[in-house]
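Worksheet: one structure, shown below.
Derivation of every value follows stated rules applied to the coordinates shown; laboratory data play no part. Note that this is a predicted model, so its numbers are computed, not measured. Virtual Cβ from ideal backbone geometry, glycine too; neighbours counted across all protein chains shown.
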Amino acid sequence: MNKRLREELDELRFGGQEDVLRRTHPRSWRDRLLALWNKELEVPVVPLGLSFAVLLAVVAASQLRGPDDGDDASTGRQLVEVGGNTYWKDDYERAVASIESDGQG
């Protein structure tokens, strides 16, 4: 049986040795890049799904907070609208005071 198998397979020759060696043992930068591109990635579904759900919940919570009333709670600054433009109240008062002091002096 072994003899018969060898006779049948005698005509077949594997001609891709160089290609296989280049892929399994890359030498040039191009071959290394191709080998890196050929890597399989395993992505765990549960942690990825939980991360996405948490991110979605944070975005939804920030959207449900409601519209801002012109106050920045972290710095205590307030927005004011003057002449169709919006300014920080402290910056606007400083600019107005600067203009008034330049006009009087």
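Numerical summary
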{"quantity": "Loop-located trypsin sites (Lys or Arg not before Pro) in region 1-96 whose Cβ has at most 14 other Cβ within 10 Å (DSSP)", "calculated": "R13, R27, K39, R65"}
{"quantity": "Helix runs (DSSP H) in the chain reaching 18 Å along axis by Cα, Kyte-Doolittle at least 0.5", "calculated": "45-64"}
{"quantity": "Of V20, V45, V59, the one that fluctuates the most in a GNM where the chain has Cα springs shorter than 10 Å", "calculated": "V20"}
{"quantity": "Full-extension gain in nm, F14 to I99, via 0.36 nm per residue minus C-alpha separation", "calculated": "21.9 nm"}
{"quantity": "Answer label for percent of Cα pairs over 20 Å apart (calculated), chosen among (i) 39; (ii) 76; (iii) 34", "calculated": "(ii)"}
